[in-house]
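Since the structure comes first, as structure tokens, the remarks are kept for the end.
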Amino acid sequence: MHASKMRAPLLTAVVLVTAAAAEPATYTVKLLTPETAIKAAHAALDDCRKRGYQVTVAVVDRAGVAQALLRDRFAGPHTVQTAINKGYSAVSFRTDTLELAAATQPGSASSGIRQIPNVVAVGGGVGISAGGTLVGAIGVSGAPSGAMDDACARAGIAAIRDELEF
């Protein structure tokens, strides 16, 4: 290879490394307070109760870790982990799980996503954003359908909307 052709990629690599070195070594993230997470969970649970559903509601942080969890007295035992995993799925893919369910149908190019541990591609996981930044998600499990879980989750987010930055 000619020497001048070899210098161009090397020079590009040096410029990229220099640009990356100029970036700060840390960054700031926004997180829900526990009080806000609990308020959202209560509102979602109350909305489901008004509709006649016994559910579990989980609010997860931006990493998908449970921050608040409420299980109604007659919600099935499977709903606890399912609610957490719906929230986890929403933050992991930055997509509400109702949309994820449609995008990962059997036979689709993305159907393999359903095989990843802890991913739940069923409605009820909805991302929570503040100022255009994903700060967590709410997962609801136990209503008769994913769409009904989704509606309750959205009611939980609506209850904290004024407290989030826009």
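The values are calculated or read from the model by the stated rules, or taken from the named source; none is laboratory data. These figures come from a predicted structure and were not determined experimentally. When the accessible area is computed, the model is the full protein with side chains, heavy atoms only, and any ligands, DNA or RNA have been set aside. Shrake-Rupley method; radii C 1.70, N 1.55, O 1.52, S 1.80 Å.
Tabulated values for the structure
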{"quantity": "From phi via Karplus (6.51, -1.76, 1.60), per-residue ³J(HN,Hα) for segment 111-123 in Hz, x at Gly/Pro", "calculated": "4, x, 4, 5, 8, 6, x, 6, 7, 10, 9, 9, x"}
{"quantity": "Shape metrics for segment 26-106, restricted to C-alpha atoms - Rg then Dmax, Å", "calculated": "13.7, 46"}
{"quantity": "Length-normalised contact order for the chain - Cα pairs under 8 Å, 6+ apart - percent", "calculated": "25 percent"}
{"quantity": "Carbon/sulfur fraction of accessible area - the chain, other protein chains in place, 1.4 Å, %", "calculated": "59 percent"}
{"quantity": "Amide H contacts under 5 Å for Ala68, placed H, 5+ residues apart", "calculated": "Val59"}
{"quantity": "In order through segment 97-107: 3J(HN,Hα) via Karplus (6.51 cos²θ - 1.76 cosθ + 1.60), integer Hz, x for Gly, Pro", "calculated": "5, 5, 5, 4, 4, 5, 6, 10, 4, x, x"}
{"quantity": "Percentage relative contact order, segment 36-97, counting C-alpha pairs under 8 Å, at least six apart", "calculated": "30 percent"}
{"quantity": "Sum of -39500 (n - 2.57) over DSSP H runs of 4+, divided by residues of the chain (222 nm, nearest 500)", "calculated": "-15000 deg cm²/dmol"}
{"quantity": "Placed amide H near Ile128: partners under 5 Å, 5+ positions off or other chain", "calculated": "Val135, Gly136, Ala137, Ile138"}
{"quantity": "Per residue solvent-accessible surface (Å²) - the chain, probe of 1.4 Å", "calculated": "56 Å²"}
{"quantity": "Over the chain: Kirkwood hydrodynamic radius from C-alpha pairwise inverse distances, Å", "calculated": "17.2 Å"}
{"quantity": "Kyte-Doolittle mean at least 0.0 and Cα axial length at least 27 Å: DSSP H helices in the chain", "calculated": "3-22"}
